1. Looking only at region 345-359, count every residue that is touching a residue at least 12 places away in the same chain (Cβ under 8 Å) and not aliphatic (A, V, I, L, M) and tell me the total.
2. From the residues in region 436-475 that are assigned to a loop (DSSP other than H, G, I, E, B) and under 18 Å from L231 (Cα atoms), which one is nearest to the chain's Cα centre (by Cα)?
3. Tell me, which residue of region 36-53 that is touching a helix residue (DSSP H, G or I) at 6+ places or on another chain (Cβ under 6 Å) and within 22 Å of A127 (Cα to Cα) is surrounded by the fewest Cβ atoms within 10 Å (Cβ to Cβ)?
4. How many residues are closer than 30 Å to G260 by Cβ and either aromatic (F, W, Y) or part of a helix (DSSP H, G or I) (or both) when one looks only at region 391-403?
5. Would you call Q345 on the phi > 0 side of the Ramachandran plot and either in a helix (DSSP H, G or I) or among the polar types (S, T, N, Q) (or both)?
6. Taking A166 as the residue in question, decide whether it is surrounded by fewer than 23 Cβ atoms within 10 Å (Cβ to Cβ), over 25 Å from G262 (Cα atoms) and at pLDDT below 90.
7. Would you be able to say whether some residue in region 486-501 is touching a residue at least 24 places away in the same chain (Cβ under 8 Å), outside any loop (DSSP other than H, G, I, E, B) and of a type in the set (V, I, T)?
8. State whether the residues of region 142-162 include one that is more than 20 Å from E181 (Cβ to Cβ), surrounded by fewer than 22 Cβ atoms within 10 Å (Cβ to Cβ), polar (S, T, N, Q) and free of Cβ contacts under 8 Å to residues at least 24 places away in the same chain.
Amino acid sequence: MYTDTERCVRAVRSKDARFDGWFFTAVLTTRIYCRPSCPVVPPKAENMTFYPSAAACQQAGFRACKRCRPDTSPGSPEWNARADTVARAVRLIQDGVVDREGVPGLAGRLGYSARQIERQLLAELGAGPLALARAQRAQTARLLIETTGLPMADVAFAAGFSSIRAFNDTVREVFALSPSELRARGARGRSGAGGADRAGTRGTSGTEPMTTPGVISLRLPFRAPLNPDNLFGHLAATAVPGVEEWRDGAYRRTLSLPYGHGIVALTPRPDHIACRLSLTDPRDLTLAISSCRRMLDLDADPVAVDEQLRADPQLAPLVDKAPGRRVPRTADAAEFAVRAVLGQQVSTAAARTHAARLVTAHGVPVDDPEGGLTHLFPAPQALAALDPEALALPRTRRTTLTTLVAALADGSLRLGPDSDWDRAREQLIALPGFGPWTVEVIAMRALGDPDAFLPTDLGMRRAAAGLGLPSTPAALTARAAAWRPWRAYAVQYLWATEDHAINHLPA
């Protein structure tokens, strides 16, 4: 979109928050870059230029606006609606892969040379992988500076910087403040605005003071509207005991992370998602945040989705009644694939019971100061050694589960932000016991494909029949062609017609 100057100028003049994250406005006279909804008086059109990423702005010599904090705007929905090389690279960079494995590691995951990845990212984002990772580090550093009391040296290494000097230089260059000045400014903002700065009250990534050692509190921004009912209702209704729970209005779960583990509590608010993270190692902050955003589908563009679905007269009343439904996804793709197999042809309660048994037998115990959470969900490597005869499942289901776990454990099947969706589907359908329903539910919730579709799902067929839509899989698939590429969202609207626990926030 950033190449359409006229459209970008209109968005900036109208301060349209829907475009935050889609592009960034750089002001030639002040050398500052902003989000489209920046509250300041818009500059003259001839003084504006537009970039596709914060990293491109920083690389061109612009610094972040102190009013609208563009580095904390919602992520571009484009990268979660695509599975090409650039989109997969962006998702991996957001997960901190470049900081942990370098550009060669990023390229190796994608099956390309580092030079090819550099060229493709420059063409679409105006910045290479190192610049994008640097922008990500700067954002993580700002979050740690403003929300924790960690010494600056600890902040530097936790954010992924290789040296304190690189940390100081980057913070000064990006934010035009030293790390100490940034911390003091954040403290003044909290004391002067009751714990929320201007950006926080607008649903962006404002901060709150950290009241418990080791706990980071922040706001996760999203594009309005967001309907939390099916999003949190689904996560709570299917929660695996010991790994997930709904408590005091928040969805809580354990997280397996590269440097340790974490516990997150996510609470829906009208203009943001309140997030409390407890990490054993602060270096996992970047991945923990991106996992939570992906799980709650926070980078979606609900206006674009709902506009297309509303064009169908049968879906329009559902969209108008509760706009902004998201697709509830997962924090761990391999975990969800295992749970999808356990949920084949059984009730939600039975699926939770089977999963809880695996967790108790093979999960890694963790300490939850608030109680309720006891384990990490077992990794495929831990499940690869399980005895099939110990599983309280039909023999064919045992074979399905053990074959899946073996493929995940040896790396021949890769599910995650770097997955090619079509390739993953081909590999899954080739496994014994995998039919279209299991493959598509994994594509929808684990891979994040916004066009995944479940025409054989019983709830879908009942909902379709009740709305006068075709109810046979072939006919429903043909009718759903008009909903592409947002068929996974249509599934959420159709599921919501039934009075099921997944469609309601717990009391």
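1. Start the filter on region 345-359 by keeping residues that are touching a residue at least 12 places away in the same chain (Cβ under 8 Å), which leaves 348, 351-352, 354-359.
Adding the requirement that they be not aliphatic (A, V, I, L, M) leaves 348, 352, 354, 357.
Number of matching residues: 4.
2. The initial filter retains those residues of region 436-475 that are assigned to a loop (DSSP other than H, G, I, E, B), namely 448-457, 467-472.
Now restrict to residues that are under 18 Å from L231 (Cα atoms): 448-454.
Working: G448: 9, D449: 12, P450: 13, D451: 16, A452: 17, F453: 20, L454: 22 Å.
So, considering only residues that are assigned to a loop (DSSP other than H, G, I, E, B) and under 18 Å from L231 (Cα atoms), the one nearest to the chain's Cα centre (by Cα) is G448.
3. If we filter region 36-53 for residues that are touching a helix residue (DSSP H, G or I) at 6+ places or on another chain (Cβ under 6 Å), which is where we start, we get 36-37, 42, 45, 50-53.
Add one more test, that the residue is within 22 Å of A127 (Cα to Cα), and what stays is 36, 50-53.
Values: P36: 27, F50: 24, Y51: 21, P52: 19, S53: 23.
Residue satisfying both the conditions and the ranking: P52.
4. Quick first cut of region 391-403, residues closer than 30 Å to G260 by Cβ only: 391, 401-402.
Add one more test, that the residue is either aromatic (F, W, Y) or part of a helix (DSSP H, G or I) (or both), and what stays is 401-402.
Of the residues in region 391-403, 2 are closer than 30 Å to G260 by Cβ and either aromatic (F, W, Y) or part of a helix (DSSP H, G or I) (or both).
5. Spelling it out, Q345 is indeed on the phi > 0 side of the Ramachandran plot and either in a helix (DSSP H, G or I) or among the polar types (S, T, N, Q) (or both).
6. Values: surrounded by fewer than 23 Cβ atoms within 10 Å (Cβ to Cβ): yes; over 25 Å from G262 (Cα atoms): yes; at pLDDT below 90: no.
It is false that A166 is surrounded by fewer than 23 Cβ atoms within 10 Å (Cβ to Cβ), over 25 Å from G262 (Cα atoms) and at pLDDT below 90.
7. Initial filter on region 486-501 (touching a residue at least 24 places away in the same chain (Cβ under 8 Å)): 486-498, 500-501.
Those still in the list that are outside any loop (DSSP other than H, G, I, E, B) too: 487-495, 501.
Among the residues that remain, those that are also of a type in the set (V, I, T) are: 491.
For region 486-501, residues touching a residue at least 24 places away in the same chain (Cβ under 8 Å), outside any loop (DSSP other than H, G, I, E, B) and of a type in the set (V, I, T): present.
8. Taking every residue of region 142-162 in turn, at least one turns out to be more than 20 Å from E181 (Cβ to Cβ), surrounded by fewer than 22 Cβ atoms within 10 Å (Cβ to Cβ), polar (S, T, N, Q) and free of Cβ contacts under 8 Å to residues at least 24 places away in the same chain.
The values are calculated or read from the model by the stated rules, or taken from the named source; none is laboratory data. On a predicted model such as this, the values are computed, not experimentally measured, just so you know. Heads up, the Cβs are rebuilt from the backbone with ideal geometry, glycines too, and the neighbour counts pull from every protein chain shown.
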